[in-house]
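K.L.:
The structure's right below; bear with me while I get my questions together.
The values are calculated or read from the model by the stated rules, or taken from the named source; none is laboratory data. Since we're looking at a predicted model, the values are computed, not measured. Here Cβ is always computed from backbone atoms with ideal geometry, including for glycine, and neighbour counts include all displayed protein chains. We work out accessible area using only protein heavy atoms, side chains counted, and drop any ligands, DNA or RNA first. Shrake-Rupley method; radii C 1.70, N 1.55, O 1.52, S 1.80 Å.
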Amino acid sequence: MKRIGVLTSGGDNPGLNACIRAVVREGLDLGLEVMGIRRGFAGLLDGEIAQLTARSVGGIMSRGGTILGTARCPEFYEVSGRREALRTLNRFEIEGLVVIGGNGSLTGALELWRMGFPVVGVPSTIDNDVTGTDTAIGVDTALNTIIDAIDKIKDTATSHNRAFLIETMGRHCGYLALASGIAGGAEIVLVPEVETTYDEITDKIEAAYIRGKPHCIIVVAEGWKPGTEALAEYLSSRQETVGFSVRLTRLGYVQRGGSASALDRILATRLGAAAARGLVEGHGGHMAALAQNAVTMVPLPDALSCTKELSSQMWELAQVMER
Ligand code: F6P
């Protein structure tokens with residue numbers, strides 16, 4: 001193997017540049033040429049490819065986002081799209097590919113592998129919903145962004161004796177809401193994985209008010225149903241029952257930006273270097289993963305066999321800490 005490619009795909013996050021840098025620097029150390037593919041699988045289909053050097057990735061560690069750009073690419077879900085991608089890879093004489101992304105992107109990586117092309121994946125999504133790895137690139141930085149927001153909102157919630165709904169990202173996975181709820185000292189955490197009724201929520205808020213709490217922080221994953229907006233309307237119409245007046249803050253895309261935390265930079269560097277090495281060592285069809293703080297290679301079919309379950313230990317802990 002003389003030349004590999006690297007791309008970032010799907011939702012971005014602050015650790016991507018550290019990972020790209022590690023793939024390039026490890027690849028160069030292994031005597032490889034490293035080609036950067038812009039805009040994820042979309043750029044692969046369009047042949048937006050250029051060589052990366054050690055200098056190309058200098059000074060990017062602290063920058064959020066991805067110097068390669070990223071995109072979501074529905075065309076790639078079709079065999080015709082994947083065939084075009086293989087044509088492009090051959091045209092550029094790329095012999096192996098590192099795909100940095102979440103479940104959707106890693107599924108694309110697995111499909112390329114199944115078509116006979118060496119691909120190694122790197123789990124990268126703030127949702128932390130990739131199975132087979134303790135965590136993913138971007139999670140730690142997103143959590144710190146959320147906790148900073150919770151601390152700030154708690155100040156004003158206390159001043160005004162208010163209940164605040166704080167919505168985090170996490171379409172299908174409640175990890176960000178649960179982890180930030182624990183770290184932020186929330187009174188209530190709502191996640192897609194656990195059904196919580198309006199009555200249960202109302203009872204908890206009323207209990208917090210009666211216990212004399214100066215505020216009530218409710219962290220809600222965007223994937224929780226029936227949704228943060230509907231809950232805010234419901235609670236606002238029952239203010240006399242719950243005691244607190246209610247406000248809503250959606251954190252949105254600030255959770256995807258910023259400068260990567262030290263933990264994310266180290267994780268991204270470890271996994272990116274392992275992925276480049278994995279291509280050379282014949283670990284195509286695997287994902288570089290973290291297991292008990294050791295880097296390991298997990299078969300992509302295993303990593304994509306199911307969605308990551310929410311920790312029941314952390315869920316139980318959150319229920320106790322809400323008191
Ligand atoms: O997958 C990560 C994520 O940030 C989700 O938490 C969020 O719902 C989604 O991406 C947003 O997708 P997009 O960036 O395409 O709007």
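K.L.:
Enter the angle in degrees (range 0 to 90, nearest 10) between the Cα long axis of helix 262-280 and the first principal axis of the Cα atoms of the chain, meaning the one along which they spread out most.
P.N.:
Tilt of helix 262-280: around 30 degrees.
K.L.:
Please get the size of the charge dipole for the chain, origin at its Cα centre, with Cβ charges of +1 on Lys and Arg and -1 on Asp and Glu, quoted in debye to the nearest 20.
P.N.:
960
K.L.:
Give me the distance in nm between label points sitting 7 Å out from Cα along the Cα-to-Cβ direction at THR53 and ASP199, one decimal.
P.N.:
7.0
K.L.:
Out of the total accessible area of the chain (probe 1.4 Å, heavy atoms of protein only), what percent is carbon and sulfur?
P.N.:
Answer for the chain: carbon and sulfur cover 50 percent of the accessible area.
K.L.:
Something else now. For the ranges 51-58, 6-13, 36-43, what's the packing order if you count other beta-carbon atoms within 10 Å of each residue, average per peptide, and put the highest first?
P.N.:
Highest-to-lowest ranking by the protection proxy: 6-13, 36-43, 51-58.
K.L.:
Just to check, using Stokes-Einstein with a Kirkwood Rh over alpha carbon pairs, what's the diffusion coefficient of the stretch 282-323 at 10 °C and 1.306 mPa s in µm²/s?
P.N.:
Calculated translational D: 125 µm²/s.
K.L.:
Of the options GLY40, SER56, SER9, report the single residue whose Cα projects farthest towards the positive end of the charge dipole of the stretch 1-71 (beta-carbon charges: Lys, Arg +1; Asp, Glu -1).
P.N.:
Positive-end residue among those listed: SER56.
K.L.:
Continuing with the same structure: Rounded if a/c is under 1.5, else prolate if a/b beats b/c, else oblate: with a ≥ b ≥ c from the C-alpha gyration tensor eigenvalues square-rooted, which is the stretch 19-134?
P.N.:
Oblate, because a/c is 1.5 or more while a/b does not exceed b/c.
K.L.:
Expressed in whole Å with the largest first, what are the equivalent ellipsoid semi-axes of the chain derived from the C-alpha gyration tensor as the square root of 5 times each eigenvalue?
P.N.:
So the equivalent ellipsoid measures 42, 18, 16 Å along its semi-axes.
K.L.:
Please state the shape class of the stretch 1-78: rounded when a/c is under 1.5, otherwise prolate if a/b exceeds b/c and oblate if not, all from the C-alpha gyration tensor.
P.N.:
Oblate shape, in that a/c is at least 1.5 and b/c is the bigger or equal ratio.
K.L.:
So if I place +1 on the C-beta of Lys and Arg and -1 on the C-beta of Asp and Glu, and nothing else carries charge, what would the dipole magnitude of the stretch 191-323 be about its Cα centre? I want it in debye, nearest 20.
P.N.:
Roughly 600 debye for the stretch 191-323.
K.L.:
Further, regarding this structure: Helix 175-184 sits at what angle to the longest principal axis of the chain, using alpha carbons and giving 0 to 90 degrees rounded to 10?
P.N.:
Rounded to the nearest ten degrees, it is 50.
K.L.:
Sticking with this one: Calculate how many DSSP beta bridges within the chain are antiparallel, expressed in % of all such bridges and rounded to the nearest 5.
P.N.:
Roughly 25 percent of the beta bridges in the chain run antiparallel, per DSSP.
K.L.:
For the stretch 1-97, report the accessible area per residue in Å² (1.4 Å probe, heavy atoms, rounded to an integer).
P.N.:
43
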